[in-house]
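Shown next, in structure tokens, is the structure this report addresses.
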Amino acid sequence: MTHLMSFISVILLIAVSSASFAGEPTFPSPLPDKLRVCADPNNLPYSNKDQQGFENKIAEQLAQYFHLDVEYVWFPQRMGFIRNTLKNYSDETGRFACDLVIGVPTQFDIAATTKPYYRSSYSIIFKKDGPLGAAITQQDVAALPDTVKQSLSVAAFAPSPAVTWLRDNGFKGNTSYFRIMNGDAEDYPGKMVNRVADGEFDMLVIWGPIAGYFAKSNPDLAVISMTSEGSSVFDFPISMGVRYGERPWKKTVEMAMDANAPQIAMILNDFGVPVVEASSAPLGGDDDD
């Protein structure tokens, strides 16, 4: 009887081990020793050094799936970001500084991009108790009387699709434009939302994830996700970025994205990121990877 029980135990152990092995995914490329992520140290809601952004949380989710630790390479996401991170090869270490950017436009031209994992749009953000409080759509904003429009203090970032929309809809003379990227590494676009909350501006047009994140913690603010109008496109897909020529690694990342899609969607929702359906014609995909 003892021998029989021992035999059964061995068979069960082999069965469990085989099932566990069979359950482990086979990746198109070898995994690195760490998931090295290129990120901005001060750019909420995306990322910061305290790892409080939604891209930090997505990186943690992917690392958990790969059974790897996350290692960050920090650099302000401005001019030179990709050159100093994703494409920064070291003869001393024999590798690139980092291997993955969690969020880049799908039509990025200086890195290969995965398939999109969310789509967002430019948004209009304003105080609920202000002169725009009754607006529900961008058409409501555009239909405001000229006297009301000209009484508003408006802010937007340039260049962006918002510039043309504001000029075409009667806000040309009372809009202050700001650069989305400047030389101050301590500055980030999200600070502009606080200026709306403080009453300095009545209306701000800004990329949706920024609007949604800061509005979520400020119930006095309302957000309208913009939809494309003719040739004016306001919604864009977002992908992850890898180096050109590393197709197996790109496919491996996409496997992880698929396997963790529900968790990624939950993270985006938790951070108030407006996720929208396409309201514009899709552009060509990234074929050179």
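The rows are residues; the columns are (1) β-branched (Val, Ile, Thr); (2) open to solvent by less than 20 Å² (accessible area, probe 1.4 Å).
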position	(1), (2)
Pro209	no, yes
Ala215	no, yes
Val223	yes, no
Thr227	yes, no
Gly230	no, no
Phe236	no, no
Tyr244	no, no
Ala256	no, yes
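Total residues in segment 77-123 satisfying the condition of being of a type in the set (A, V, I, L, M, F, W, C), in a strand (DSSP E or B) and open to solvent by less than 30 Å² (accessible area, probe 1.4 Å): the figure is 5. What number of residues within segment 19-76 are assigned to a helix (DSSP H, G or I) and closer than 26 Å to Ala211 by Cα? Residues flagged as assigned to a helix (DSSP H, G or I) and closer than 26 Å to Ala211 by Cα within segment 19-76 amount to 9.
Residues in segment 52-69 that are under 22 Å from Pro116 (Cβ atoms) and open to solvent by less than 60 Å² (accessible area, probe 1.4 Å): Gly53, Phe54, Glu55, Asn56, Ile58, Ala59, Gln61, Leu62, Ala63, Tyr65, Phe66. Every test in (1) on the phi > 0 side of the Ramachandran plot; (2) touching a residue at least 60 places away in the same chain (Cβ under 8 Å) is passed by Gly170 save one, and that test is (2). Residues in segment 244-264 that are part of a loop (DSSP other than H, G, I, E, B) and touching a Phe, Trp or Tyr at 6+ places or on another chain (Cβ under 7 Å): 1 in all. Counted as qualifying within segment 130-224 are the helices (runs of 4 or more DSSP H) with 1 or more residues that are under 20 Å from the mean Cα position of the chain (by Cα), namely 161-168, 191-197, 208-216.
So that you can scan it fast, the table gives a plain yes or no per residue for (1) modelled with pLDDT of 95 or more; (2) over 30 Å from Asp99 (Cβ atoms):
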| site | (1), (2) |
| --- | --- |
| Phe171 | yes, yes |
| Met181 | no, no |
| Asn218 | no, yes |
| Pro237 | yes, no |
| Met240 | yes, no |
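The values are calculated or read from the model by the stated rules, or taken from the named source; none is laboratory data. What you see is a predicted model, and the numbers here were worked out from it, not measured in a lab. Positions of Cβ are generated from backbone atoms using ideal geometry, with glycine treated the same way; all protein chains shown enter the neighbour counts. Note: accessible area is taken over every heavy atom of the protein model, side chains too, but ligands, DNA and RNA are not part of it. Shrake-Rupley method; radii C 1.70, N 1.55, O 1.52, S 1.80 Å.
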